[in-house]
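Peer 1: Attaching a single structure in structure tokens format; questions to follow.
The values are calculated or read from the model by the stated rules, or taken from the named source; none is laboratory data. Everything quoted here is computed from the prediction, not taken from an experiment. A quick note on method: Cβ atoms are made from the backbone with ideal geometry, for glycine too, and the neighbour counts reach across all protein chains shown. Heads up: the accessible areas ignore ligands, DNA and RNA and are worked out on the full protein's heavy atoms, side chains in. Shrake-Rupley method; radii C 1.70, N 1.55, O 1.52, S 1.80 Å.
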Amino acid sequence: MDAAECYELLHKCWSSPVAEEQAAEYFATLTLAEAGLYYGIESEQSEHKDVLLSKAESLMSKALDMGYKDNGEVFINLFSCYYAHKFVNETKYLDLAKQTLLRGLEQHPANVSIIERLAELYSVEKVGDIEEVVMFVNEALIAEPNSYELWYQSGVLYGALGEYDEAISSLERCVELHPDSFEANYGVACFIIEKANRMLTQLNEHIYDYRIDYKAELAEINKVYAEALPYLEHAHNLNPDDKATIEDLGALRERLK
């Protein structure tokens, strides 16, 4: 007997009138959720993927409808099944995947894993405006103002929107919380450089405008580039073998000569 069937059988046992009421309610929903999880896992290597995913989705949805609660993992597992199921009907299953994450976020507003998957879904599948996810992150930060993971997600999202000042500010908060985070230091540096690149592009669009002092404007832009240097150097010290950091640091030093 495989794991999914075992949990389904356990569900039947704990749903019986013989079991004590509270324990029965908890284990009845738990075993449903676990059975659904394992059917989802089995579907990955099965030629009957559609059938197994449908069963997994049905069991986990039933567990939730019966009041099953955990740390939010059940919503992520159900989302994964719906997302894997999109080969049958993309519109239908992407919407179910999205609604599952939104439902999970209602119960677990500061769950970073749910927020990360929602951000990926919005970014990759274009099922909504990424600014909606930014709103969710900002709301979560009210409750968890010292969450490195939430601040990091905020920085990534603002960066994806091209709002570099907000991205830099969020990742600088990450550096404050974890000064030796390679990802945060490198992220701050990258977004500062992106901000300066945008400024340089805008300046070059007006290179023949006599009203603009090009050299003076370029000097100001180079000051912005220079702000990235300490973060990039620290990132390099933290991970001296990272090729991207080495290349970016070399290019930045060359620019600032």
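Peer 1: Could you estimate the translational diffusion coefficient of the chain from the Stokes-Einstein equation, with Rh from the Kirkwood formula over C-alpha pairs, at 25 °C and 0.890 mPa s, in whole µm²/s? Intermediate values should be presented prior to the final figure.
Peer 2: Working: Rh = 21.4 Å.
Value of D from the Cα-based Kirkwood radius: 115 µm²/s.
Peer 1: Considering every pair of different Cα atoms, what Kirkwood radius, in Å, is found for the range 52-101? Could the numbers behind the result be given before it?
Peer 2: Values: mean 1/r = 0.0927 Å⁻¹.
Evaluated over the range 52-101, this radius sits at 10.8 Å.
Peer 1: Rounded to whole Å and sorted largest first, list the principal axis extents of the Cα atoms in the range 42-128.
Peer 2: Rounded to whole Å, the extents work out to 37, 31, 20 Å.
Peer 1: I've got another one for you. Determine how large the accessible area of MET66 is when every protein chain is in place; take a 1.4 Å probe and give Å² rounded to the nearest 10.
Peer 2: Here the accessible area works out near 80 Å².
Peer 1: A further question follows. Write down, largest first, the equivalent ellipsoid semi-axes of the range 78-171 in whole Å, where each equals the square root of 5 times an eigenvalue of the alpha-carbon gyration tensor.
Peer 2: Working: eigenvalues 122, 44, 16 Å².
Taking √(5λ) for each eigenvalue gives 25, 15, 9 Å, largest first.
Peer 1: Under DSSP H, which helices of the chain have Cα atoms covering 15 Å or more of the helix axis and a Kyte-Doolittle average no less than 0.5? All intermediate terms of the calculation are to be shown ahead of the outcome.
Peer 2: Working: long enough: 3-14 (16 Å, -0.01); 21-43 (33 Å, 0.14); 49-65 (24 Å, 0.02); 73-84 (16 Å, 1.00); 90-107 (26 Å, -0.67); 112-125 (19 Å, 0.64); 130-143 (21 Å, 1.41); 148-160 (18 Å, 0.02); 164-177 (20 Å, -0.06); 182-204 (33 Å, 0.19); 214-227 (20 Å, -0.46); 243-255 (18 Å, -0.68).
Helices meeting the span and hydropathy rule in the chain are 73-84, 112-125, 130-143.
Peer 1: Based only on the alpha carbon positions, what is the Kirkwood hydrodynamic radius of the range 102-222, in angstrom?
Peer 2: The answer is 15.8 Å.
Peer 1: Could you check which residue among GLY67, GLY159, GLY187 shows the biggest mean-square fluctuation in a GNM of the chain with a 10 Å Cα cutoff?
Peer 2: GLY67
Peer 1: HIS206 to ILE142: FRET efficiency via 1/(1 + (r/R0)^6), r the Cβ-Cβ distance, R0 41 Å, to the nearest 0.05? The partial results should precede the final answer.
Peer 2: Working: r = 41 Å, r/R0 = 1.00.
Result of the calculation: an efficiency of 0.50.
Peer 1: Any chance you could look up the accessible area of LYS55 with a 1.4 Å probe, heavy atoms only, rounded to 10 Å²?
Peer 2: Looks like 80 Å² after rounding.
Peer 1: Greater than 22 Å separation of Cα atoms is the criterion. Which listed pairs, LYS49/LYS86; LYS69/LYS126; LYS62/LYS126; LYS195/LYS215; LYS69/LYS92, meet it? Before the final figure, lay out each step's value.
Peer 2: Values: LYS49/LYS86 11 Å; LYS69/LYS126 29 Å; LYS62/LYS126 28 Å; LYS195/LYS215 18 Å; LYS69/LYS92 25 Å.
Among LYS49/LYS86; LYS69/LYS126; LYS62/LYS126; LYS195/LYS215; LYS69/LYS92, the Cα-Cα distance tops 22 Å for LYS69/LYS126; LYS62/LYS126; LYS69/LYS92.
Peer 1: Taking K and R as +1 and D and E as -1, what net charge do the other residues with C-beta under 10 Å from the C-beta of ALA63 add up to?
Peer 2: Working: positive: LYS62, LYS69; negative: GLU34, ASP65, ASP70.
Here the count lands on -1.
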